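In what follows, a single structure is set out as C-alpha cells and then discussed.
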Amino acid sequence: MNKKVYMAAGFNTVALGTGRKEFHPAKPRPGLEHYITEAAKGTLSQIGGAKNVDESVIGNFMASRFNKQGHLAGFIPMVDPGLAGKSATRTEAACASGGVALTAAIRSVLAGTADTVLAMGVEVQNTVKAIYGADVLAGAGWYQHRKAGHAYFFPGQFSNRAGAYFERFGREDSRKGLARWYRNAIENARLCPTAQEFHNSAKDLDALALTPPNGKVFVDHLNVFDCSKVSDGACSIAVLSEDGLKKCGIDKKDAVEVISFAQVQRDITSVPEDLTVMSATKLAVAKALSQAGIALDQLATIELHDCFTIAGVLMVEAIGLAPHGKGAEWIAEGNSARNGKLPINTTGGLIGWGHPTGATGVHQAVTIWEQFTNRAGDAQISVNEEKPYGLSINMGGDDVTVVAIVYKKN
Amino acid sequence: MSYSEKLSHVAVLGAAGKMGSGILLLTALEMFEQSTLPENQGKSFLLDAIDLSPEALKGLRKYLAVQAKKNGEKKTVWLRSVYANRADLIENEQIIDQYVQDVVDQVSFTTRIESAYDAHLVFEAASENPDLKVKLFKQIDVNSSVKPWFLTNTSSIPISYLDQNASLGGRIIGFHFYNPPAVQKLAELISAPATLPELTEFSLQFASRLRKTVVKSNDVAGFIGNGHFMRDLLFASSTVARLSSEFSVAQALYIVDKVSRDYLVRPMGIFQLTDYVGVDVCSYILSVMDRFIPGRGLKSDLVDSLLSMNIKGGQFSDGSQKDGIFKYQKGAPVAVINLENGEYLPLTEVAPACDSWLGALPQGWLGWKQVMRLADREAHLASHFATLRTMPDNGAKLALEYAQWAAKVAHGLVSDGVANSTIDVNTVMMTGFFHSHGPVNNF
C-alpha cells in the first residue's frame, strides 16, 4: 500500500432477531432509517462530527427486496446535514457488501480522494418469514440455479458442502468440529451485549449442536444450530489516512492500521470444483497475508465468515490453520476458542453475534478494532506485542466474493 | 375402492362451522397430497364444502387459504419436489402461492346439499341434534348412487342410533375431532357394532395420515371425552350448590373453578372450560346423554339456569372467548356472573374471601404451563398430591375430593363399557383436554 490507512471509531447496533429478548416477530421493529442513523451517529460522535467526513460508503445486500428500498446512499445525508453535498456510495456484493464497503473506503483513502471515509453496512431482514427470506438471500447465488436449489437455498448449498466433507473425512469426527464451533460462537456472544445470542442461556450447547439434521423439513447435513440466524442491524467504522486521524483528533492507539487487503471474485455461474475447498477464500487470504508480509503465527485473532459451521471449518483450512480435512479436528481441539491457540470470532461471529448480511463485513472490522484498542468489554482477549495482527474474511455468496483484510494493533 | 379413490370426492356438512372448517381444512390438505401421488396423476379430486350460510362460506374460503399457506410454508421442501416440473415456479413464494391455489381449487363452496349426492365420503359436522343428523344422512343416502360412507363428528349421539334411523346399514362411523381439529391431536373413533370393518380401517388410515392420536370409544352416548367432561361438570355444579349455603353462587363458581384449575393442575378451570365449549353446547350434550342413558342424573340445574338467563359463552369466529360464566379480557377471566341479577362481579372483589377460605396453595406449587414443561412431571405431581393430603385447608380437601371423583368417573366409563381401559380415558383427558395427568393415577 502506498500510504498508511487506519480504522477507528467503530460502532455496532444490536443484532436483532430471534433470541434477543426485545425481539417479537409480531411487534413493530426499527427500520433501515433507524439502523443507518444509529450506526452512523455512533461513529460520527467519535470523530468530531460529520464535518470531518469526506465521503461515505454504505454496504447493503437486498434492501430492494427485504424493505422495497433501493438507493441507500440517499439515506446518508439524512443522518446529518453535514454529510449532504458529499460523495456517498452504496456497495453490493451479497453478504460481502460490508467488506466491499471497507475496500471501497480504503481505496479512496489510498487514492487520496478522501482522508476520512464513513464506512458502514446495514441489513433489515426480519421483514419476511424465513422461508421467503430464503428466496431473497438466494439472490447471492445464480438465479439460473434457483429452481434446482433447495427451499432454503444457501443452507442447501452449504449442506452439500458439509455432506461432501463428511463423506470424505468422516461424519462423526467432522460433526464434533461443527459442534465445537457452535459452542464457541454462543459462549463468545454471551460476552457481547449487542450480540443476537447475548441472551442465550441454553445449558447443553453440545447436545443442541449435535441435533440430527432433518432433511424432510430442512437440509440433509446441517441442523438449524449450524446456521447463522436472520438478523437486523448496522455497523459503522471510520477509514482514515494519517491526516484523517489528525483532523478527527484520534490517537493512533485508538485506531488499528490496515496493513493489506485483497478482494477476490469467483464466477457466480460456476460450481466449485471441490465442495470441500473454498478456493476464492484461500486465494484472498493468501494474497492479503503475502502483501502484509506476515505469517499465520503472528495473528492474534481472526474474524471469519461463519454463515454456517461448515463454512467455519472450510475457512480454517482455506487460511491454512489446518491441512485439508483436518479443520474440524483442529476446531474440536479448542484451538479457535477464546482461550485457544488463535481465538476466532471473539464476539460470536455470524452464528453468535448475528448476520445482518450487508453489515457483517463492517462488524468484523469493528470487532478487531475493539479487541486491538481494548474496547471489547467482557469479550476482550489479551493481545501481546509478538502477535499484533488480525485478519478478517468476509464472503459473499458461496465463496464468490471474498474480502480479506489484515490489521495491526498500534 | 382404494383409500385415495374414497378421498376423490368428499363432502363436508356444516363446513363453515367451528369443527367443520377444521375438518374441511385437514381433508383438503390430505386430498391434495393424495392427488400428487404418481398413480393419481390426472385424476380429479373434489371436496364439497356445504354450509347453510353463504357468508360463513366466504369466511371459510379465507380460512382455508390462510391455513393452506401456513402449511405450505412449513412444507416447502416437499412442495418444491411436487412442483419440480413446473419451470415457471422458481421461488418458494411462487410455489407456496400455487399450492394455496391448488388446495382451494379442489373445494367447491356451496349451500346446496345436493352436491353431496355424488360424494364417496360424507363428513358431517352439523349441530349436535340427533334428528337433524338423521334427516341429513337419509336425504343424501336415498339420493346417492354410490352408497357413501358417513363420518360423523358427533361428540355424544350413539352411532347405532344414527345408523338405524337413517337406514345406513353400517356405513357410518363416529370420527370425533377435538376443537380446533387442525391443532388438537386427539380423535375419538366410535364404531357401532354394525359399522363396516372397511370403514373403520379407512378411518384409522385417515387419522394416521392426519397424525392424530386415535382412541377407540364404544358406542355409548357421550363417548369417553364428554362422558368424563359432563360428569366432571355435574360434580362441579353440585359442589357449587353445596357451597351456596356458605357462599354466594358467584363465589362458589370462583372456588370450584380455581380448585379444578390450580389444585388439579389443568389448563383451565371447569367453568372456564364450559364457557370455552359453550354453555348451550354443554346443555345439548347433556340432554342427548340423558336421553340415551336415562335415569343416571345427567342433568344440571346450574346449566339450565345459566341458559335461561341467556348466558352461553362459546367463541367468536376469530376464536376469541365470548363472555359466559366468566367475563373475559384477553382470554382471561376477570369477572364472574351473579346469577341473581345477571351482572358480572369483578374477580378482585369476589376472590379475597374465597381465597382465604381455600387457604394457601401447597408449597412448591407450579401452574399448569410450568408443570407441562417439566422433564419429570410425574414426580412433581406425585409430590403435589402428597402435599395436598397433608394439608388441613379447605382448598386441599376439595381438590382431593374432586380428584377422587374424576378417578371414579374414569373407572365408571370402563365398567359401563364406554372405554376399553382407564388408559384410554387418561389419553383422552390428557390429549383432548390437555390435563397434566390422567384421572386414574398413582398420585
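The values are calculated or read from the model by the stated rules, or taken from the named source; none is laboratory data. Everything numeric in this text was worked out from a predicted model, so none of it was measured. FYI the Cβ positions are ideal-geometry reconstructions off the backbone, even for glycines, and counts take in every protein chain you see.
State whether the residues of the range A:219-226 include one that is within 14 Å of chain B (Cβ to nearest Cβ), more than 30 Å from A:V109 (Cα to Cα), in contact with a helix residue (DSSP H, G or I) (Cβ under 6 Å, 6 or more places away or on another chain) and surrounded by fewer than 22 Cβ atoms within 10 Å (Cβ to Cβ). Within the range A:219-226, one or more residues are within 14 Å of chain B (Cβ to nearest Cβ), more than 30 Å from A:V109 (Cα to Cα), in contact with a helix residue (DSSP H, G or I) (Cβ under 6 Å, 6 or more places away or on another chain) and surrounded by fewer than 22 Cβ atoms within 10 Å (Cβ to Cβ). For the range A:114-171, name all the residues that are facing chain B (nearest Cβ under 10 Å) and among the aliphatic types (A, V, I, L, M). Once the filter is applied, which keeps residues that are facing chain B (nearest Cβ under 10 Å) and among the aliphatic types (A, V, I, L, M), the range A:114-171 yields A:V128, A:A130, A:I131, A:A134, A:V136, A:A138, A:A148, A:A151. In this structure, B:S53 does not qualify as more than 30 Å from B:P197 (Cβ to Cβ), more than 14 Å from chain A (Cβ to nearest Cβ) and touching an Asp or Glu at 6+ places or on another chain (Cβ under 8 Å). Selection of first residues in the range A:382-410 that are among the charged types (D, E, K, R) and of second residues that are buried (at least 24 other Cβ atoms within 10 Å of the Cβ) and assigned to a loop (DSSP other than H, G, I, E, B), restricted to Cβ pairs under 9 Å at least 6 apart or on distinct chains, gives the following pairs, ordered by first then second residue: A:D398/A:M278; A:D399/A:M278.
Taking A:N184 as the residue in question, decide whether it is polar (S, T, N, Q), out of contact with any helix residue (DSSP H, G or I) (no Cβ under 9 Å at 6 or more places or on another chain) and buried (at least 21 other Cβ atoms within 10 Å of the Cβ). Judged against the criteria, A:N184 is not a match.
Any residue in the range A:297-317 that is in the same structural domain as A:A185 (by TED's automatic domain parsing) sitting within a Cβ distance under 8 Å of a residue that is part of a strand (DSSP E or B) and surrounded by fewer than 24 Cβ atoms within 10 Å (Cβ to Cβ)? List the pairs, counting only those 6 or more apart or interchain. Listed pairs, sorted by first residue: A:A300/A:K409. Inside the range B:290-321, can you point out the residues that are touching a Gly at 6+ places or on another chain (Cβ under 9 Å) and within 25 Å of B:L243 (Cα to Cα)? Within the range B:290-321, B:L298, B:L306, B:M309, B:N310, B:I311, B:K312, B:G313 meet the criteria. With respect to the conditions (1) over 22 Å from the mean Cα position of the chain (by Cα); (2) buried (at least 20 other Cβ atoms within 10 Å of the Cβ); (3) not small (G, A, S), A:K129 lacks only one, and its number is (2). Candidates are the residues of the range B:60-70 that are touching a helix residue (DSSP H, G or I) at 6+ places or on another chain (Cβ under 8 Å) and surrounded by fewer than 19 Cβ atoms within 10 Å (Cβ to Cβ); the one that is nearest to the other protein chains (Cβ to nearest Cβ) is B:K69. In the range B:407-433, the qualifying residues are those that are within 19 Å of the chain's Cα centre (by Cα) and part of a loop (DSSP other than H, G, I, E, B), and the one that is nearest to B:K258 (Cα to Cα) is B:F433.
Please verify whether B:E73 is in the same structural domain as B:G20 (by TED's automatic domain parsing), within 30 Å of B:T195 (Cβ to Cβ) and surrounded by 14 or more Cβ atoms within 10 Å (Cβ to Cβ), treating the condition exactly as stated. Before the answer, list the steps.
Working: in the same structural domain as B:G20 (by TED's automatic domain parsing): yes; within 30 Å of B:T195 (Cβ to Cβ): no; surrounded by 14 or more Cβ atoms within 10 Å (Cβ to Cβ): yes.
Answer is no for this residue.
For the condition among the charged types (D, E, K, R), surrounded by fewer than 15 Cβ atoms within 10 Å (Cβ to Cβ) and either assigned by TED's automatic domain parsing to the domain that holds B:L243 or over 30 Å from B:I311 (Cα atoms) (or both), what is the one hit in B:D393, B:D376, B:D424, B:D355? Answer to the selection: B:D376. Among the residues of the range B:145-155, are any part of a helix (DSSP H, G or I) and at pLDDT 95 or above? Checked against the condition, which is being part of a helix (DSSP H, G or I) and at pLDDT 95 or above, the range B:145-155 yields no hits at all. Taking the range B:90-141 as the search range and keeping residues that are of a type in the set (A, V, I, L, M, F, W, C), buried (at least 17 other Cβ atoms within 10 Å of the Cβ) and free of Cβ contacts under 8 Å to residues at least 24 places away in the same chain, which one is nearest to the other protein chains (Cβ to nearest Cβ)? Among residues in the range B:90-141 that are of a type in the set (A, V, I, L, M, F, W, C), buried (at least 17 other Cβ atoms within 10 Å of the Cβ) and free of Cβ contacts under 8 Å to residues at least 24 places away in the same chain, the one nearest to the other protein chains (Cβ to nearest Cβ) is B:I90.
Looking across B:S203, B:S191, B:S167, one residue alone is among the polar types (S, T, N, Q) and touching a Pro at 6+ places or on another chain (Cβ under 9 Å). It is B:S191.
Please work out if B:P362 is in the same structural domain as B:S238 (by TED's automatic domain parsing) and more than 22 Å from the chain's Cα centre (by Cα). Criteria met by B:P362.
As a summary of the residue check, B:N442 satisfies the conditions (1) over 23 Å from B:K369 (Cβ atoms); (2) part of a helix (DSSP H, G or I) except for the one numbered (2).
Taking the criterion of being more than 23 Å from B:V409 (Cβ to Cβ), modelled with pLDDT of 95 or more and assigned by TED's automatic domain parsing to the domain that holds B:H120, would at least one residue in the range B:212-223 satisfy it? Yes, the range B:212-223 contains at least one residue that is more than 23 Å from B:V409 (Cβ to Cβ), modelled with pLDDT of 95 or more and assigned by TED's automatic domain parsing to the domain that holds B:H120. Any chance the range A:285-300 includes a residue that's modelled with pLDDT of 95 or more, aliphatic (A, V, I, L, M) and closer than 30 Å to A:T18 by Cβ? The answer is no, given that none of the residues of the range A:285-300 is modelled with pLDDT of 95 or more, aliphatic (A, V, I, L, M) and closer than 30 Å to A:T18 by Cβ. B:L204 meets the stated requirement of being in contact with a strand residue (DSSP E or B) (Cβ under 8 Å, 6 or more places away or on another chain), under 23 Å from B:G22 (Cβ atoms) and surrounded by fewer than 24 Cβ atoms within 10 Å (Cβ to Cβ). Annotation for the range A:233-245: no member residue is surrounded by fewer than 21 Cβ atoms within 10 Å (Cβ to Cβ) and within 14 Å of another protein chain (Cβ to nearest Cβ).
Within the range B:407-431, can you find the residues that are touching a residue at least 24 places away in the same chain (Cβ under 8 Å) and in contact with a Ser or Thr (Cβ under 9 Å, 6 or more places away or on another chain)?
Step one: of the range B:407-431, the residues touching a residue at least 24 places away in the same chain (Cβ under 8 Å) are B:407, B:409-413, B:416-420, B:424-425, B:427-429, B:431.
B:A407, B:A410, B:H411, B:L413, B:V418, B:A419, B:N420, B:D424, B:T427, B:V428, B:T431, listed by residue number.
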